[in-house]
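The values are calculated or read from the model by the stated rules, or taken from the named source; none is laboratory data. The model shown is predicted, which means the values in this text are computed figures rather than measured ones. Here the Cβ positions follow ideal geometry from the backbone for every residue, glycine too, while neighbour counts run over all protein chains shown.
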Amino acid sequence: MEDALQALRKEVAGWLARNLPPRPAFKLPQSFLEVESQEQLDYLRDWQKKVYEAGYLGMAWPAEYGGRGLPPEHQDVVNEELARVKAPFMFNTIGLFWAGPTILRLGTEAQKQRYIKGILSGDDIWCQGFSEPDHGSDLGNAQTRARRQGDSYLIEGRKIWTTLGHFAKYMILLARTNPEAPNKYAGLSFFLAPMDAPGITVRPIRKITGEYGFNEVTFDAARIPADTLVGEEGQGWQVAMAVLAFERGVERGQAGGMVSFPLTVADVAALARQVHRDGHPAIEDPLIADRLVQFFIEERAFRANMARAHHERLLTPSRPFAPMFMGKLYGSELMKRLADFAVTIQGANAPLYLGEPSAIEGGEWQRSAMNAYGATIGGGTTEVQHNIIGERLLGLPKG
């Protein structure tokens, strides 16, 4: 297989050299969390469709649903090449990384036929209806109600932080079908809800960066078809846990691509050569150079750990998911610290933001520093991840 993968890498590198789109005149989002305008969406959707039509997205997904049915190592090679040239990210992240793999694993044949190809092409945008305004990270306490009425369900409630909700055609929705269940988890069900149903209202939320990628979604007797239910009533918690396993990278099966423009230590090192402290490039400051070396070590260790994770069932069968669980926690915190450091070394320019004439690189580092906090919250906060690792992997008692 190694020869085939090397040939594929060469093929993809050549394709990217010919097809990588130029950066547009307008501001691009840094990740799928910040897509707010139609022109941003059009640019990113055109790129995703182009990559898919070239055969480089969903390579490991079954061919009968729009993929190519190849071993996942082929998609890994493509992902590495996309990251190498800093290609635009795949905007339909919730579909490609969370909804799609879950449907392929747990959905009906009709659901697979109906939804998967549109996810890959970018024609059908997906959002996630998990978090609620009054329950924070307590996903099991979701109070949005779903009441069966004939061949439909009536949905009542609110969801918050709904990324891409203002563009989405479908939502993966966790709602309570049985408020009298013996425990809060047993009363939940999981739906593939159409966002054009009457009674659904989407309200954009302005982030600290000034962008409007998030939304609040209100359901006021919104009627959705009963065949959008995944599994049986009362199995929603199990389906939601499958989604979170894909979202956190604990399970493989995502379609491919990146969820953001990659930030690397090499990027920050290049910045340190550009900015000055006491009349000299910042990278010549021994304290800054030492921090950069430490970041390089952390980044290399993180990448090695994620590569090792694919073989962990053989290496450490007693805790096969440990590297994947660590990946979400450590990776998000590393990127936050790295972006903060990139702002700090700018000295007096550190407070300058997008649009400021003197802002270094247009204030993008400052935007990165604020956006980096989102990855430490979405998919389970850093605190929740610590609890999961302690309780599920290390066997520590709750509390």
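Checking each residue in region 205-251 for being touching a helix residue (DSSP H, G or I) at 6+ places or on another chain (Cβ under 6 Å) and not in a helix (DSSP H, G or I) picks out 208, 209, 211, 213, 230, 231, 248, 249, 250, 251.
In region 119-131, the residue that is farthest from the chain's Cα centre (by Cα) out of those that are assigned to a loop (DSSP other than H, G, I, E, B) and at pLDDT 95 or above is 123. Just the residues that are of a type outside the set (A, V, I, L, M) and closer than 14 Å to residue 243 by Cβ, please, taken from region 175-202. Result: 189, 190, 191. Entry remark, region 136-182: residues being among the acidic types (Asp, Glu) and either touching a residue at least 40 places away in the same chain (Cβ under 8 Å) or at positive phi (or both) number 2 in total. Evaluation of residue 290 against the conditions (1) modelled with pLDDT under 95; (2) in a helix (DSSP H, G or I); (3) of a type outside the set (A, V, I, L, M, F, W, C) shows that the sole unmet condition is (1).
Just checking, how many residues over region 83-109 are part of a loop (DSSP other than H, G, I, E, B) and among the aliphatic types (A, V, I, L, M)? Show your work before the answer.
Residues of region 83-109 part of a loop (DSSP other than H, G, I, E, B): 85-92, 107-108.
Cutting the leftovers down to among the aliphatic types (A, V, I, L, M) gives us 85, 87, 90.
Number of matching residues: 3.
Within region 21-61, the set of residues being part of a loop (DSSP other than H, G, I, E, B) and without any contact (Cβ under 8 Å) to a residue 40 or more places away in the chain comprises 22, 23, 24, 25, 26, 37, 54, 55. Of all residues in region 68-88, those that are within 22 Å of residue 267 (Cα to Cα) have Cβ atoms under 9 Å from Cβ atoms of residues that are hydroxyl-bearing (Ser, Thr, Tyr), 6 or more apart or on another chain, in 78/56; 81/56; 82/56; 83/264; 88/43. Among the residues making up region 181-193, those that are assigned to a strand (DSSP E or B) and either touching a Lys or Arg at 6+ places or on another chain (Cβ under 7 Å) or aromatic (Phe, Trp, Tyr) (or both) are 188, 190, 191. Residue count for region 150-180, restricted to those that are assigned to a strand (DSSP E or B) and polar (S, T, N, Q): 1.
Conditions (1) touching a Ser or Thr at 6+ places or on another chain (Cβ under 7 Å); (2) modelled with pLDDT of 85 or more; (3) in the same structural domain as residue 293 (by TED's automatic domain parsing); (4) surrounded by fewer than 16 Cβ atoms within 10 Å (Cβ to Cβ), marked per residue:
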residue: 314; (1), (2), (3), (4): no, no, yes, yes
residue: 321; (1), (2), (3), (4): no, no, yes, no
residue: 331; (1), (2), (3), (4): no, yes, yes, no
residue: 334; (1), (2), (3), (4): no, yes, yes, no
residue: 339; (1), (2), (3), (4): yes, yes, yes, no
residue: 345; (1), (2), (3), (4): no, yes, yes, no
residue: 356; (1), (2), (3), (4): no, yes, yes, yes
residue: 362; (1), (2), (3), (4): no, yes, yes, yes
residue: 388; (1), (2), (3), (4): no, no, yes, no
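Here region 111-126 is the region considered, the condition is being out of contact with any Lys or Arg (no Cβ under 6 Å at 6 or more places or on another chain) and under 21 Å from residue 240 (Cβ atoms), and the residue that is surrounded by the most Cβ atoms within 10 Å (Cβ to Cβ) is 119.
Annotation note: of 193, 301, 222, the sole residue that is more than 20 Å from residue 161 (Cα to Cα) and of a type in the set (A, V, I, L, M) is 301.
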